[in-house]
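All remarks here apply to the structure that follows.
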Amino acid sequence: MPDLSVHLTTPRLLLRPLEAADAPALFAIFSDPQVMQYWNTPAWACEAVAQDFIRAECQAMQDGQRLTLAIVDRNSGELIGKCLLFSYQPESRRAEIGFGIASSAWGRGYIQEAARELLRHGFEALGLNRVEAEIDPSNAASGRALERLGFSKEGLLRQRWIIDGQVSDSALYGLLSEDWYSLQDRQQQR
């Protein structure tokens, strides 16, 4: 599935594979309790976690298991987050999408821009039939972002996670390739 040479661009962003030099910026983002409030893991405790994450993601990409890309502001060159297609099931042509960005970049449409390009790549280049997303149902902003991308809320997984002793549910969203293409057609007709 993934290609280590994948570089996707949008008007404001570059999506590229993670590099070892990204560890400090990733740590700054994913050690922020505000960013990690709805995550299914605790906030990162040290930069070594970021370094291990980058190594593991690069290996998973080489093994064809996932596609994890840094989200970089094209004007400043600053790494502002990451996005990924993971839990890839080739026989079902299905994957999950995930994303996270620095709290300082919230509210600027970066998630929509990055996720839209990642979805385009998933459906067009990788031939996916279905993309899923799992979020904390309390994370209304992520729910709205997914719905703007064309996802439909499909269900609730009760008491799915226990993070630092806190039990939380997960809302499951899905997007089919036929719905994606239909949405793209409608947007082009505007």
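The values are calculated or read from the model by the stated rules, or taken from the named source; none is laboratory data. Quick caveat: nothing in here was measured; it's all calculated off a predicted structure. When we count neighbours, we look across all protein chains shown, and the Cβ atoms used for this are built from the backbone with ideal geometry, even at glycine.
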Out of curiosity, is residue 186 charged (D, E, K, R) and buried (at least 17 other Cβ atoms within 10 Å of the Cβ)?
no
Residue ID - farthest from residue 92 (Cα to Cα), chosen from residues in the stretch 159-190 that are among the basic types (Lys, Arg) and out of contact with any strand residue (DSSP E or B) (no Cβ under 8 Å at 6 or more places or on another chain):
190
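Quick one: which residue in 24, 42 is farther than 21 Å from residue 113 by Cβ, surrounded by fewer than 21 Cβ atoms within 10 Å (Cβ to Cβ) and either at pLDDT below 95 or under 16 Å from the mean Cα position of the chain (by Cα) (or both)? Talk me through it step by step, then tell me what you get.
On the way: 24 fails: either at pLDDT below 95 or under 16 Å from the mean Cα position of the chain (by Cα) (or both).
Going through 24, 42 in turn, the sole match is 42.
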For residue 95, only one of the following conditions fails: (1) closer than 15 Å to residue 7 by Cα; (2) modelled with pLDDT of 95 or more; (3) buried (at least 21 other Cβ atoms within 10 Å of the Cβ). What is its number?
(1)
Scanning the stretch 45-64 for residues that are more than 14 Å from residue 98 (Cα to Cα) and crowded, with 16+ Cβ neighbours inside 10 Å gives 49, 50, 51, 53, 54, 58, 60, 61
Which is buried (at least 20 other Cβ atoms within 10 Å of the Cβ) and not hydroxyl-bearing (Ser, Thr, Tyr), of 122, 77?
122
Regarding residue 88, is this residue buried (at least 21 other Cβ atoms within 10 Å of the Cβ) and among the hydroxyl-bearing types (Ser, Thr, Tyr)?
no
